[in-house]
Amino acid sequence: MAVTRTFSIIKPDATRRNLTGGVTKMLEEAGLRVVASKRIHMTREQAEGFYAVHKERPFFQDLVAFMISGPVVVQVLEGEDAVSRNREVMGATNPENAAEGTIRKTYAESIEANSVHGSDSEENAATEIAFFFKPEEIVG
Ligand code: UDP
């Protein structure tokens with residue numbers, strides 16, 4: 001299988017509870033390597049732009065407010081089949097449905113405050129990586 005990249009966010013509920021290390025450890029144990037990382041506080045414009053695909057969904061405004069409620073850690077992850085490997089270790093969107101041993105089962109507070117974001121396709125991964133990182137900030 002090919003080595004590919006995906007995009008991850010450690011969300012404000014996780015940074016607030018000092019779980020940056022805990023989440024990253026689970027990503028690394030799943031075979032993913034952090035090749036870029038920065039801690040930022042998203043602006044409303046950034047959060048709305050990032051989640052533009054969800055703008056007609058009922059949870060959009062709450063989601064944006066949550067994502068700007070504290071710092072996040074944006075990361076580029078590299079590994080074999082990185083997108084699906086990351087989705088696997090993240091677990092289901094709603095932590096109540098997430099499998100044992102996944103990040104969301106372990107750490108998430110709710111369907112909204114669910115600790116991590118991960119790209120859902122290689123195409124979206126490329127778009128999301130470019131939204132937050134310049135090529136020279138990614139060091140594989
Ligand atoms: N979300 C929410 N309520 C919902 C569904 C989703 O607040 O009913 C939030 C949640 O933080 C989720 C994000 O919106 O991670 C994006 O939703 P998506 O369906 O893309 O889930 P994901 O790909 O993150 O599992």
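The values are calculated or read from the model by the stated rules, or taken from the named source; none is laboratory data. For clarity, every value in this text was computed on a predicted model and none was experimentally measured. Here the Cβ positions follow ideal geometry from the backbone for every residue, glycine too, while neighbour counts run over all protein chains shown. Ligands, DNA and RNA are stripped out before the accessible areas are found, and what is left, the full protein with its side chains, is counted by its heavy atoms. Shrake-Rupley method; radii C 1.70, N 1.55, O 1.52, S 1.80 Å.
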Subject >> Hits in the range 54-63 (condition: more than 8 Å from the ligand (Cβ to nearest atom), in a helix (DSSP H, G or I) and either under 19 Å from ASP120 (Cα atoms) or touching a Pro at 6+ places or on another chain (Cβ under 8 Å) (or both)) >> reply: PHE60
**OP:** Considering every residue within the range 45-52, establish whether at least one is away from the ligand (no atom under 16 Å from the Cβ), farther than 12 Å from GLU78 by Cβ and either open to solvent by 50 Å² or more (accessible area, probe 1.4 Å) or modelled with pLDDT of 95 or more (or both).
**Re:** yes
Subject >> Number of positions in the range 1-34 that are in contact with a Lys or Arg (Cβ under 7 Å, 6 or more places away or on another chain) and not small (Gly, Ala, Ser) >> reply: 1
Original post:
Of the residues in the range 79-118, how many are outside any loop (DSSP other than H, G, I, E, B), over 25 Å from THR43 (Cα atoms) and open to solvent by less than 40 Å² (accessible area, probe 1.4 Å)?
Top reply: 7
Original post:
How many of the residues making up the range 1-53 are in a loop (DSSP other than H, G, I, E, B) and more than 13 Å from VAL89 (Cβ to Cβ)?
Top reply: 10
Original post:
Restricting the search to the range 125-136, which residues are of a type outside the set (Ser, Thr, Tyr) and either in contact with a Ser or Thr (Cβ under 9 Å, 6 or more places away or on another chain) or at pLDDT below 95 (or both)?
Top reply: ALA125, ALA126, GLU128, ILE129
Subject >> Condition met for GLU137 (of a type outside the set (A, V, I, L, M, F, W, C), more than 20 Å from ALA2 (Cβ to Cβ) and within 15 Å of the ligand (Cβ to nearest atom)) >> reply: no
